[in-house]
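Here the structure is laid out as structure tokens; the discussion comes afterwards.
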Number of protein chains: 2
Amino acid sequence: MDESSLKPGDRDFVSALASGLEVLQVFDAEHPRMTLSEVAAQANMDRAKARRFVLTLHALGFVKRVGRQFELTPKVLQLGYAYQASNQYRAVIEQFLGDITAELGESSSLGVLDGQDVVYVVRSAARHRLMAITLSVGTRLPAVYTSMGRVLLSQLPDTELDSFLDSAELTPFTPYAIKSVAPLKEEILKARSQGFAIVDQELDSGLRSVAVPVYTSRNVLLGALNISTNAARVDMETLMTVYLPRLQDVAARVRAIAQ
Amino acid sequence: MDESSLKPGDRDFVSALASGLEVLQVFDAEHPRMTLSEVAAQANMDRAKARRFVLTLHALGFVKRVGRQFELTPKVLQLGYAYQASNQYRAVIEQFLGDITAELGESSSLGVLDGQDVVYVVRSAARHRLMAITLSVGTRLPAVYTSMGRVLLSQLPDTELDSFLDSAELTPFTPYAIKSVAPLKEEILKARSQGFAIVDQELDSGLRSVAVPVYTSRNVLLGALNISTNAARVDMETLMTVYLPRLQDVAARVRAIAQ
DNA sequence: TCAGCTTGTTCGTATTACGAACATCCGTGC
DNA sequence: GCACGGATGTTCGTAATACGAACAAGCTGA
């Protein structure tokens, strides 16, 4: 089978499926419920076409109707379930992350690389934080501006890393954010030699995080573990001397059990 | 717009989307990765057809190829993200559930009704439990055999409850499980009058759980909160005198903040 | 009440998805 | 090493499916 993906317009590309998934994905945090016309506008699609997809998703149970508006049903969670269930170490990682949160009072996550983004796969949220970090499983953030992304990129072979950096779009979120490829690559190579990555207020002001890679005992990369903190509360020294060793401890314990 | 859903074969039903989603859903805990032929067999679909859908999902980034096999990518988590993000009280409920887990050392969840099932929407897993309860967000379990399901059913109007029970399939999982509709309805009505439901070893041997409904201050049902325990470790009295009040406390606190 | 805008729906047909059949690959046994 | 059979990969004629222009119905504000 040819390695390169087929494209829209190819005979084997089912454009109706692509359009239907496009419709499913226009429901987002900003648009949790919409009329048919709003769906069509968001999806940049003919109204009659959007109608068919919404009605089909409704018939399949993925969308429900409230008056003239539509919104997703919990059945959509099932679409991600197999991915979650296929990670056999997910439950134990969740437990370890919960330990971190219980002990340090910080949010902690497992993320994986997906295209240009990091996707949150497991998450243990800190409690009683006024400065809320609003993330959930499935959230995607640009890899280049997250500690997890940087540490995962550092584990790529050079050719893959260079290829990634060639096509990386650097759109700074804060004044602190890296703006060009050369310093970014330095940070990634630094993460490689250190075995961890710290990102300080590059994704959002006040957001400081540290991440380490987590491997199985057979050296298969499971993802990156991180702790997210508030820069006003946690200084760099605490991050390095308390939080990082904690992460490294968890990564080692996962490695000891994960084949 | 007609309230009754359209059916396969109707002109407005996009069968290609339905088939594509069917293919996406044959990846499950038992079949996390499959060849094209295996996908076709699981989906009960012509091989060439399954190929087109798998190739399209691959082109869209939802599926990746490993040799001759295909598996889901973390991008599928994005399909559920909007549902999660649209629940504006999710983060705070997650925090409260985390408190329960920290305090009692038990798993705690928020679930909602979806068809005949309860779907886990928020989950805080207990740590260091040898008797593992393997669930994740997106997991579906039969409403009639779960405490959350029973308590959610108890909040339905009578006509809806009777309609649900008319079509309910009772397939007992354990010797303790209710086998017919009359005693089930009694349990549900009991849950309605008590304001909570307890299910004891009906879903799985050793699994004991208690659930309460959680409402907003405007009396909109958000779902059910539960605590799952091991019957060998937690007796009924502790469940009633320690765990249940804890749940009711959380439900009240959610109500106080949730509009 | 009426007009204008939005939402809901229909149906002729262009285009798309279908599957039978052919092509290629891989693993096993001699 | 080679042949064979089964599994996997792909093509292409065409049946049928999805498309969108246009009509129908509903809603809201003046």
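Descriptive notes on the structure:
- For region A:192-225, the set of residues classified as charged (D, E, K, R) and assigned to a loop (DSSP other than H, G, I, E, B) consists of A:202, A:204, A:218, listed by residue number.
- Applying the set (1) in contact with a Phe, Trp or Tyr (Cβ under 8 Å, 6 or more places away or on another chain); (2) over 21 Å from residue B:63 (Cβ atoms); (3) modelled with pLDDT under 90 to residue A:6 leaves exactly one unmet item: (2).
- Exactly one residue out of B:199, B:214, B:220 is more than 18 Å from the chain's Cα centre (by Cα) and in the same structural domain as residue B:146 (by TED's automatic domain parsing): that is B:220.
- Residue B:209 being hydroxyl-bearing (Ser, Thr, Tyr) and crowded, with 20+ Cβ neighbours inside 10 Å: yes
- Among all positions in region B:21-36, there is no residue which is outside any loop (DSSP other than H, G, I, E, B), within 11 Å of DNA strand C (Cβ to nearest atom), out of contact with any Lys or Arg (no Cβ under 8 Å at 6 or more places or on another chain) and at the interface with chain A (Cβ under 7 Å from one of its Cβ atoms).
Let's see how each residue does on (1) under 30 Å from residue A:58 (Cα atoms); (2) part of a strand (DSSP E or B); (3) basic (Lys, Arg):
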position: B:91; (1), (2), (3): yes, no, no
position: B:96; (1), (2), (3): no, no, no
position: B:102; (1), (2), (3): no, no, no
position: B:112; (1), (2), (3): yes, yes, no
position: B:179; (1), (2), (3): no, no, yes
position: B:190; (1), (2), (3): no, no, yes
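Residues checked against (1) in the same structural domain as residue B:171 (by TED's automatic domain parsing); (2) more than 16 Å from DNA strand D (Cβ to nearest atom); (3) in contact with a helix residue (DSSP H, G or I) (Cβ under 7 Å, 6 or more places away or on another chain):
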{"position": "B:52", "(1), (2), (3)": "no, no, no"}
{"position": "B:62", "(1), (2), (3)": "no, yes, yes"}
{"position": "B:93", "(1), (2), (3)": "yes, yes, yes"}
{"position": "B:96", "(1), (2), (3)": "yes, yes, yes"}
{"position": "B:108", "(1), (2), (3)": "yes, yes, yes"}
{"position": "B:116", "(1), (2), (3)": "yes, yes, yes"}
{"position": "B:138", "(1), (2), (3)": "yes, yes, yes"}
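- Within region B:37-60, the set of residues being more than 8 Å from chain A (Cβ to nearest Cβ) and of a type in the set (Lys, Arg) comprises B:47, B:49.
- Matching residues, region B:61-89, being facing chain A (nearest Cβ under 9 Å) and either within 11 Å of DNA strand C (Cβ to nearest atom) or closer than 12 Å to residue B:20 by Cα (or both): B:62, B:68
- Within region B:64-88, considering residues that are among the polar types (S, T, N, Q) and more than 12 Å from DNA strand D (Cβ to nearest atom), the one surrounded by the most Cβ atoms within 10 Å (Cβ to Cβ): B:84
Every residue, every condition in (1) within 23 Å of the chain's Cα centre (by Cα); (2) surrounded by 14 or more Cβ atoms within 10 Å (Cβ to Cβ), yes or no:
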site: B:9; (1), (2): no, no
site: B:13; (1), (2): no, yes
site: B:16; (1), (2): no, yes
site: B:32; (1), (2): yes, yes
site: B:45; (1), (2): no, yes
site: B:48; (1), (2): no, no
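- Verdict on residue A:184 being of a type in the set (A, V, I, L, M, F, W, C) and either under 15 Å from residue A:112 (Cα atoms) or touching a Leu at 6+ places or on another chain (Cβ under 9 Å) (or both): yes
- Test: residue in region A:103-110 that is of a type outside the set (Ser, Thr, Tyr) and within 25 Å of residue B:82 (Cβ to Cβ): yes
- Looking across region B:103-135 at every residue that is within 7 Å of chain A (Cβ to nearest Cβ) and at pLDDT 85 or above, the one that is nearest to the chain's Cα centre (by Cα) is identified as B:119.
The values are calculated or read from the model by the stated rules, or taken from the named source; none is laboratory data. The shown structure was predicted, so the numbers you read here are calculated from the model rather than taken from an experiment. Please note: Cβ atoms are built from the backbone with ideal geometry, for glycine as well, and neighbour counts cover all protein chains shown.
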